[in-house]
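Here's the structure we're looking at; comments come further down.
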Amino acid sequence: MAERDTAAMREPVVYIVDDDPGLNASLAALFRSVGLKTELFQHPQAFLDLREINRPACVLLDVRLPGINGLDVLEQVNKLGWTMPVVMISGHADVVMAVRALHAGARDFLEKPVNDTILLQLIQHWIRWDAQNYACEQICDSIRAKLEMLTEREQSVLECMLRGLPNKLAAWELKLSVKAVEGHRINLLHKMGAQSPVDLVRMVGSCPKASHNPRVCGRARGGNRCATTRGCALVD
């Protein structure tokens, strides 16, 4: 039962932040029609008071809200470090407002009344985008946790691997025997759950949280594609 509850908590959700209860109910019904969960907030502070968002999500945020402007809410979202996509809507939109919203980090800006088909396509797109990034973040967190369990010597050998050094050069640089380096490499593969040295380098190099770890050399090859709009190199 607990596992089911945890899985349910991680289902994608659309957070609707709008002070119009009628519109909120209508949007919730629309999203439910395609199997999307929703949470409704008439007051923006109630949304900002969420302690954490540990599931794939998208925010549908109205510009005009009681007590605070939607752009200010977006600024607070950025300060909280929340990375889920925000789509802003307004019944009084103009070009300047739309540009400000996009510059502030909104993914899209729609004018009310919103076409249901366009809105569904847009929200589903951003939910898929965030679900992929969420999966990537979970993998990166796991990789970082494994890195923290490595010994200092294993970290040094891993750094040499990320730099592409062969065993002989790594042994010379670390003042170890070649056999010792080979032993540490075997331990690294086992501890990190990698199938091969190439797999290990790809695993660490594809995850910013790992390759930017101060205990690991940041010169890993493979790029930092995790949690970007281009998708995650660790998730198919």
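Ordering Ser142, Ser196 by the number of other Cβ atoms within 10 Å of each residue's own Cβ, fewest first, gives Ser196, Ser142. With Cα atoms as the point set, the radius of gyration and Dmax of the range 74-120 evaluate to 11.3, 32 Å. How many percent of the alpha carbon pairs in the range 98-163 exceed a separation of 19 Å? More than 19 Å apart: 61 percent of the Cα pairs in the range 98-163. Counting neighbouring Cβ atoms within 10 Å and putting the fewest first, the residues Met149, Met97 line up as Met149, Met97. Annotation for the range 16-55: trypsin sites (Lys or Arg not before Pro) lying in DSSP loop with at most 14 further Cβ atoms inside 10 Å of their Cβ are Arg51. Each part gets one Cα centre, and for the range 18-66 versus the range 76-138 those centres are 12 Å apart.
Since every read-out is calculated from the coordinates, none of them should be taken as a lab result. All of these numbers come straight from a predicted model, not from anything done at the bench. Cβ atoms come from the backbone with ideal geometry, glycine included; neighbour counts cover every protein chain shown.
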